[in-house]
Amino acid sequence: MRNDQYNTVSNFAQYVQTNWELTPKLSVSGGVRHDAVSFNSTPGNDAPLAAGTGGSALYSSTDPVVGLLYKLDDHNSVYADYGHGFVTPTFYQLAYRSNGLPGLNFALQPMHLRNSEVGWRSQYGRLRLDGSLYYITTDNQIVVNSSSGGRTTYINAGSTRRYGTDLTLDAALPAHFSARLAYSLINVRFDGGPYNGNTMPGVPRQQLYAALTWRPPLQSPALKGFYTTVSALVRSQVFVNGQNSAAAQGYGAMNLTTGIEQRRGPWRLSEFVRVENLLNRNYIAAVVIADSNGAFYEAAPGRNVIAGVQITRDF
């Protein structure tokens with residue numbers, strides 16, 4: 001242990017929001033929020049080793065959001081939203097300076113986002129479809145600078161522009177089956193800074209999720225509360241550094257979950273068994289961004305089983 005610190009973070013926020021139904025088909029919503037986030041680090045004077053260093057920082061922002069929703073008919077509606085966002089560094093990201101000097105990295109600045117989105121929602125009987133297009137710009141994008149020996153440093157890498165689409169389809173099928181299909185496409189590129197024009201590491205450009213669930217009717221005493229789901233996840237390649245000089249290959253994996261749920265009054269008991277990587281595929285499940293030794297890739301475990309019990313009480 002090279003330092004010992006007492007770290008505290010607090011957020012004081014105020015917001016107001018409203019929704020106004022202009023006509024039976026058209027409504028507008030909006031709001032504004034102010035955040036003041038403070039970080040404070042105090043050296044641990046009772047530390048058995050180095051006491052460490054301290055410091056403090058305060059980040060604040062006022063962010064608006066506005067949206068329109070229009071009902072085309074009883075089954076279809078369209079919407080448009082615009083808003084600002086505010087993301088501070090975490091204490092983990094502040095932990096080490098990129099130049100190797102002691103002390104917290106208070107040179108790291110928060111990110112400010114501007115988000116625009118248009119979408120369509122449709123529901124016909126047992127079929128529901130959601131689709132959206134979005135465009136987001138970010139200032140002071142926080143990215144990994146280096147990762148070595150368990151220490152990861154972060155920097156602000158200029159602005160980014162990201163745009164893409166999300167599509168989700170939910171369907172209730174015959175014989176007590178239900179299905180979900182979700183697809184996302186996102187392009188995230190640096191706009192200026194040291195990685196100008198490159199793709200942000202750690203973000204797959206495409207992702208597809210599919211799931212099929214069987215849940216027998218509640219009238220079946222022997223199978224009451226039972227369910228089983230088989231799902232598949234497919235992801236495209238992921239770059240592992242800002243230079244885009246190396247990437248983890250895309251992969252596809254399947255999982256199987258079976259469980260049963262019992263309810264009694266406000267209590268709910270759930271037991272489940274989950275088989276992950278059902279087909280025992282070899283693939284890279286996670287990456288270490290900008291690892292200094294080039295050890296970017298972390299393999300997924302082979303076929304493995306997780307069992308669990310969950311108790312929940314509603315109040």
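The values are calculated or read from the model by the stated rules, or taken from the named source; none is laboratory data. All values reported here derive from a predicted model rather than from experimental measurement. As a convention, Cβ positions derive from the backbone with ideal geometry for all residues, glycine included, and neighbour counts pool all protein chains shown. Keep in mind that these areas ignore ligands, DNA and RNA; they rest on the heavy atoms of the full protein, side chains included. Shrake-Rupley method; radii C 1.70, N 1.55, O 1.52, S 1.80 Å.
Note the listed values [x] 22.4; [y] 21.3; [z] 23.6, then indicate which one is Kirkwood radius over Cα pairs in Å calculated from this particular structure. Only one listed value fits the structure, namely [z]. Across Ala300, Ala248, Ala290, mean-square fluctuation computed from a Gaussian network of the chain (C-alpha pairs under 10 Å connected) peaks at Ala300.
Highest mean first, the peptides 201-211, 150-160, 69-79 sorted by other C-beta atoms within 10 Å per residue fall in the order 150-160, 201-211, 69-79. The share of accessible area on segment 197-315 that comes from carbon and sulfur is 56 percent, using a 1.4 angstrom probe. Its Cα centre serving as origin, the chain has a Cβ charge dipole (Lys and Arg +1, Asp and Glu -1) of approximately 700 debye. Between Ser77, Thr153, Ala300, the Cα set farthest toward the positive side of the dipole of the chain (charges on each charged residue's Cβ, about the Cα centre) is that of Ala300. Relative to the current alpha-carbon distance between Asn99 and Ile306, full extension at 0.36 nm per residue lengthens the span by 70.3 nm. Taking all protein chains together, Arg313, Arg274 sort by accessible area into Arg313, Arg274, largest first [probe 1.4 Å]. Ordered from largest to smallest accessible area (heavy atoms of protein chains, 1.4 Å probe), the residues Trp120, Trp214, Trp20 come out as Trp20, Trp120, Trp214.
Rounded to the nearest 500, the 222 nm mean residue ellipticity of the chain from helices alone is 0 deg cm²/dmol, with -39,500 (n - 2.57) taken per DSSP H run of at least 4 residues.
Shown are Val28, Val66, whose ranking by accessible area with a 1.4 Å probe and every protein chain present, most to least, is Val66, Val28. Counting protein heavy atoms only, segment 1-123 has 57 percent of its accessible area on carbon and sulfur, 1.4 angstrom probe. Note on Glu117: accessible area is roughly 50 Å² with a 1.4 Å probe, heavy atoms of protein only.
Would you mind working out the accessible area per residue for the chain, using a 1.4 Å probe, and quoting it in Å²?
Counting only protein heavy atoms, the per-residue value for the chain is 59 Å².
The residue list Pro174, Leu68, Val234 was ranked by how far each Cα lies along the charge dipole of the chain toward its positive end, using unit charges on Cβ atoms, and Pro174 comes out on top. What shape does segment 260-315 take by its C-alpha gyration tensor, where a ≥ b ≥ c are the square roots of the eigenvalues and a/c under 1.5 counts as rounded, a/b above b/c as prolate, and the rest as oblate? Taking the square roots of the gyration eigenvalues as a ≥ b ≥ c, segment 260-315 is oblate. In a solvent-free Debye calculation with one equal scatterer on each Cα, what is log10 I(q)/I(0) for segment 181-289 at q = 0.21 Å⁻¹, listed in the order of the q values? Each listed q corresponds, in turn, to -1.09.
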